[in-house]
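The block underneath contains the structure these notes are about, expressed in C-alpha cells.
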Amino acid sequence: MRDANVIGRKVAWLRNQRGWSQCDLVAELHLLGCINMTREILANIETLRSPATCKQIEFFSEVFGVPEQELFPKKRHFVGKDVGMDLRMFTRRRRHPEPVES
C-alpha cells in the first residue's frame, strides 16, 4: 500500500495565505535547516503526488507557526459497514456490589 499525502493541500493554502511562491517557501525552509527541500519536491507534495516525511511535516509546522495537527484534514471519511458487535466495558478494579438494604 502506498503512503497517502494528506497535508499537501493545506501546505499550498498556508503558503498562498502568506503570499509566498514555492521558491519563497523553499528558501524559508532552508533557513530553518530543511536543506533537502527543492521546489520540485514541494510541488509534488502540494499536488499530492508525493507524501511528506515526518521531518518535512515538522519543518512545515515550524515555518508556518502552526501545530503539526493543523496541517492534517479536520475530518476523515471512513467507509465501512456495521458488523453488530457486543461491547463490554472492562476495568482493572473489581467492583464490589453494594449491599442491599432490607
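Report the net charge of residues surrounding GLN22, where surrounding means a beta-carbon distance below 10 angstrom and charges are Lys +1, Arg +1, Asp -1, Glu -1.
-1
What full-extension length gain, to one decimal in nm, is calculated for SER61 and ILE35 as 0.36 nm per residue of separation minus the Cα-Cα distance?
Full extension of this stretch gives 7.8 nm more.
Once phi is turned into θ = phi - 60°, what whole-Hz ³J(HN,Hα) does the Karplus curve with 6.51, -1.76 and 1.60 give for every residue of the stretch 57-70, x standing for Gly and Pro?
Ordered by residue, 3J(HN,Hα) equals 4, 4, 5, 4, 4, 5, 5, 8, x, 10, x, 4, 4, 5 Hz.
No value in this document is a laboratory result; all are computed from the given coordinates. Bear in mind that the values here come from a model prediction, so they are computed numbers and not experimental data. Ideal geometry is used to build each Cβ from the backbone, glycine not excepted, and the neighbour counts take in all protein chains shown.
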